[in-house]
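A short worksheet on the structure shown next.
The values are calculated or read from the model by the stated rules, or taken from the named source; none is laboratory data. These numbers were taken from a predicted model, which means no experiment stands behind them. Heads up, the Cβs are rebuilt from the backbone with ideal geometry, glycines too, and the neighbour counts pull from every protein chain shown. All accessible areas refer to the heavy atoms of the entire protein, side chains included, with ligands and DNA or RNA removed. Shrake-Rupley method; radii C 1.70, N 1.55, O 1.52, S 1.80 Å.
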Amino acid sequence: MPTFEYYYNDVMPLPDAHVDTTFPRTHEQKTTAAKKDLARLLKQLEVGGDDTICYPSVDFYSLLALVELIDELRAAGSPKLLIRLIGVMETASSGRYSKPLNVTIALINRLFEAGLPVRLAAETPRYAEYLAGQLNRPVAVAANIEIREQVPLPQTEQFTVICPGSARYDKGFLDLAELFSGVRRRDPDMRIRFITQVLPDRDLKHQIDYLVRLYAIPGTTLLPSQLSPVDLAKLYEEADLVLLPYAQDVYQFRGSAVLIEAMMSGRHCLALEGPAFVDQMRYFGSGTACRSIADMADKVIACSMETPLSRHAKASQARGRFVRDLVSSYRDWVI
């Protein structure tokens, strides 16, 4: 039996096979469920003052439950609270508030004001700086943890460009046709090939014309929206370059798991300017920022002309810097 109820089927629906009509729907139902879940956990595990409760990516209703149970947490000896924010579910408040991030910040302040030992972290430096300014408290930077090994670059004449991860509108799926076509016009011999995952079925059915257009671009391979870990690892092994044409507004504070996977795999990335993770990409030297889709097409061509030896050396340097920083940043947050 799961320890926690699922509070977000309205904003992040589970697959049809897992539909449950008993999921809490209203703000009040979700608040009650989250409070009940946390209270049960505290009791079952007999949480005490020497314990730590860690939220590796806190969500809105779990944070609200912490505030609702401040007295119970104090009675338990005030266990340490490790709260990491990634700019996703901590603002998923069912449309209850016009500025949910402000509410999230207010809830965190309530925990501090209650004297609970809270240690904060954010996924990106930009988000950490923003939160630190709003809360007037230190916020560590804790990127996604990834342990995969760097893999050798493909030793072929073909140059493979991938867009891994389940496609979404905010990940630039509708920009790919322009991007791929722009490269293809300058690469008529099709030395450069493209592989991308497609939208989930619930969105793809509304984009059939676009899908046909994308499929018609020579040298393009379309994969399902969901891949197994083995297939995803194989995709990185076959890749020379990774594309991240993500939306600036949605990713204002957010990181990218694909960026971290690519960096650890030893693959250079191209991303549009604006998202918070681009700051990390630039700092570690793991990718190149682009001004526009047309500029990204130009940089795909430029990257394809670099030697594998040069690309491998730059990727190894970026990966090493990231690993050292990752270890240090998590030590700063946890200890």
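A few notes on this one:
- Residue among LEU82, LEU69 that alone is within 20 Å of the chain's Cα centre (by Cα) and modelled with pLDDT of 95 or more: LEU82
- Comparison of ASN109, ASN102 shows that the only residue that is closer than 26 Å to GLY77 by Cα and part of a helix (DSSP H, G or I) is ASN109.
- Residue in region 272-322 that is farthest from THR160 (Cα to Cα), counting only those that are in contact with a Phe, Trp or Tyr (Cβ under 6 Å, 6 or more places away or on another chain) and open to solvent by less than 50 Å² (accessible area, probe 1.4 Å): ALA276
- Just one of the listed residues (LEU176, LEU270, LEU232) is in contact (Cβ under 8 Å) with a residue 24 or more places away in the chain, of a type outside the set (Gly, Ala, Ser), in contact with a Leu (Cβ under 7 Å, 6 or more places away or on another chain) and part of a helix (DSSP H, G or I), namely LEU176.
- Scan of region 87-138 for residues that are over 24 Å from SER329 (Cβ atoms) and either of a type in the set (Phe, Trp, Tyr) or open to solvent by 40 Å² or more (accessible area, probe 1.4 Å) (or both), ordered by number: SER94, GLY95, ARG96, TYR97, SER98, LYS99, ASN102, ALA106, ARG110, GLU113, GLY115
- Among the residues of region 203-226, those that are without any contact (Cβ under 8 Å) to a residue 40 or more places away in the chain and under 21 Å from the mean Cα position of the chain (by Cα) comprise ASP203, LEU223, PRO224.
- Residues that are touching a helix residue (DSSP H, G or I) at 6+ places or on another chain (Cβ under 6 Å), surrounded by 21 or more Cβ atoms within 10 Å (Cβ to Cβ) and more than 18 Å from GLY172 (Cα to Cα) within region 231-263 comprise just one, MET263.
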